[in-house]
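Worksheet: one structure, shown below.
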Amino acid sequence: MNWRNVAAIARKDLGEVRQNRMVWLPMILLPLILCTILPIVLIVLPQIAGSGIAESMNDPDLARMLENLPAAMKAQIEGMNANQQMIYIVLGFMFAPLFLILPIMTASVVGTNSFVGEKERKTIEALLYTPATDHELFFGKMLAAISLSLAITLLSFVLYALVLNGLGASIMGGIWFPTPVWWVLIIWLAPAVSVLGMLGAVVVSARARTFMEAYQMTGLLVLPVLLLLIGQVAGVISLSIEVTLFVGCAVWLLDVALLWGSLHLFSRYSLFESARL
């Protein structure tokens, strides 16, 4: 494996991302919405309206949410007032699965642009003459998608922490975020989800002929994240440290299986042949 070839391919793909507004624009807008607009809506607007986040919710909804919380979470919010509890629960606990949309979406979009984009840009023929092997080509594209995905996820995490602590410190009584489970989510689960998004793009690219077609198909990859969010809101599952570690292990095992299949599925010739169909 020639890692210079891998790095050169990754740089080329990252350069193509910068030139494609359909790829980089969602990577900017989604973190801004999730990490700034939502916290402002949940923390600042209720205070402007003369109430807190707890008062802005109906009592039955608040009671149901508190009832569905796991015992460990109830212990963490014990002693907090109603507004502190709701900020901690909504933004520090239930928001965690939603945050996983960032790595999986970014990796899948960049991967889709890389593989299917070769078909649309008519650069398949150039790949046939590169000195890199098929595996070097694959890992170069994978490196571009995953490195950008993790960079955006990390920057979004830092932005989210600054916003939550900046807006909520006066209510929470000081700096309170990130909570312990978020460190496990960012360090362990987010990279696994990022790899899953990239490998999902490889599988989709084997069939899709256009970027928009592949983009719509890879959108299905966020469904498990949404199901995880729904399960947490309903009290069926709780992203504790132990559960996050377990889910991460499951995703990494799935990544290994998909990587094995992708290495057998991918070749520059298969891209060339699919582009001719």
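If you scan segment 238-247, which residues turn out to be without any contact (Cβ under 8 Å) to a residue 12 or more places away in the chain and either acidic (Asp, Glu) or farther than 17 Å from GLN76 by Cβ (or both)?
Within segment 238-247, the subset without any contact (Cβ under 8 Å) to a residue 12 or more places away in the chain is 242-243, 246.
If the condition is that a residue be without any contact (Cβ under 8 Å) to a residue 12 or more places away in the chain and either acidic (Asp, Glu) or farther than 17 Å from GLN76 by Cβ (or both), then GLU242, PHE246 are the ones that fit.
Being surrounded by fewer than 19 Cβ atoms within 10 Å (Cβ to Cβ), in contact with a Leu (Cβ under 7 Å, 6 or more places away or on another chain), within 18 Å of LEU38 (Cβ to Cβ) and touching a residue at least 24 places away in the same chain (Cβ under 8 Å) is a property that LEU98 has.
Need pairs with beta-carbon distance below 7 Å; first residue without any contact (Cβ under 8 Å) to a residue 24 or more places away in the chain and of a type in the set (A, V, I, L, M, F, W, C) and within segment 151-163, second in a helix (DSSP H, G or I) and surrounded by 15 or more Cβ atoms within 10 Å (Cβ to Cβ); sequence gap 6+ or separate chains. So the pair list comes out empty.
Counting only residues that are in contact (Cβ under 8 Å) with a residue 24 or more places away in the chain and either surrounded by fewer than 14 Cβ atoms within 10 Å (Cβ to Cβ) or not aliphatic (A, V, I, L, M) (or both), how many does segment 248-261 have? Steps first, answer last, please.
Step one: of segment 248-261, the residues in contact (Cβ under 8 Å) with a residue 24 or more places away in the chain are 248, 251-252, 254-255, 258-259, 261.
Retained after the next criterion (residues that are either surrounded by fewer than 14 Cβ atoms within 10 Å (Cβ to Cβ) or not aliphatic (A, V, I, L, M) (or both)): 248, 252, 255, 261.
Total satisfying the criteria: 4.
Based on this model, can you work out whether LEU91 counts as without any contact (Cβ under 8 Å) to a residue 24 or more places away in the chain and more than 21 Å from MET198 (Cβ to Cβ)? No; evaluated as a whole, the condition is false for this residue.
When residues in segment 173-193 are screened for being over 21 Å from SER238 (Cβ atoms) and not β-branched (Val, Ile, Thr), 3 of them pass. In summary, GLY111 fulfils each of the numbered conditions (1) crowded, with 21+ Cβ neighbours inside 10 Å; (2) of a type outside the set (Lys, Arg); (3) modelled with pLDDT of 85 or more with the single exception of condition (3).
For segment 12-43, give me the residue count where each residue is surrounded by 15 or more Cβ atoms within 10 Å (Cβ to Cβ) and either acidic (Asp, Glu) or assigned to a helix (DSSP H, G or I) (or both). Quick ask: steps written out before the conclusion?
The initial filter retains those residues of segment 12-43 that are surrounded by 15 or more Cβ atoms within 10 Å (Cβ to Cβ), namely 12-14, 16-17, 20, 23-24, 27, 30-31, 34-36, 38-39, 42-43.
From the residues that got through so far, the ones that are either acidic (Asp, Glu) or assigned to a helix (DSSP H, G or I) (or both) too are 12-14, 16-17, 23-24, 27, 30-31, 34-36, 38-39, 42-43.
Summing the residues that are surrounded by 15 or more Cβ atoms within 10 Å (Cβ to Cβ) and either acidic (Asp, Glu) or assigned to a helix (DSSP H, G or I) (or both) in segment 12-43 gives 17.
Yes or no: THR210 buried (at least 22 other Cβ atoms within 10 Å of the Cβ) and within 30 Å of LYS119 (Cα to Cα)? Reasoning before the result, please.
Details: buried (at least 22 other Cβ atoms within 10 Å of the Cβ): no; within 30 Å of LYS119 (Cα to Cα): yes.
Here the answer is no, as THR210 does not meet what is asked.
Quick check on VAL202: is it assigned to a helix (DSSP H, G or I), modelled with pLDDT under 80 and in contact with a helix residue (DSSP H, G or I) (Cβ under 8 Å, 6 or more places away or on another chain)? Lay out the reasoning, then the answer.
Working: assigned to a helix (DSSP H, G or I): yes; modelled with pLDDT under 80: yes; in contact with a helix residue (DSSP H, G or I) (Cβ under 8 Å, 6 or more places away or on another chain): yes.
Yes, satisfied.
Only one of ALA132, ALA169, ALA161, ALA144 is assigned to a helix (DSSP H, G or I), under 30 Å from LEU263 (Cα atoms) and not acidic (Asp, Glu); which? One residue alone meets the criteria, ALA144.
For segment 114-129, taking the residues that are under 23 Å from LEU259 (Cα atoms) and of a type in the set (Val, Ile, Thr), the one that is modelled with the lowest pLDDT is identified as ILE124.
The values are calculated or read from the model by the stated rules, or taken from the named source; none is laboratory data. The structure presented is a predicted model; accordingly, all values stated were derived computationally and were not measured. Glycine gets a Cβ as well: all are built from the backbone with ideal geometry, and neighbour counts include every protein chain shown.
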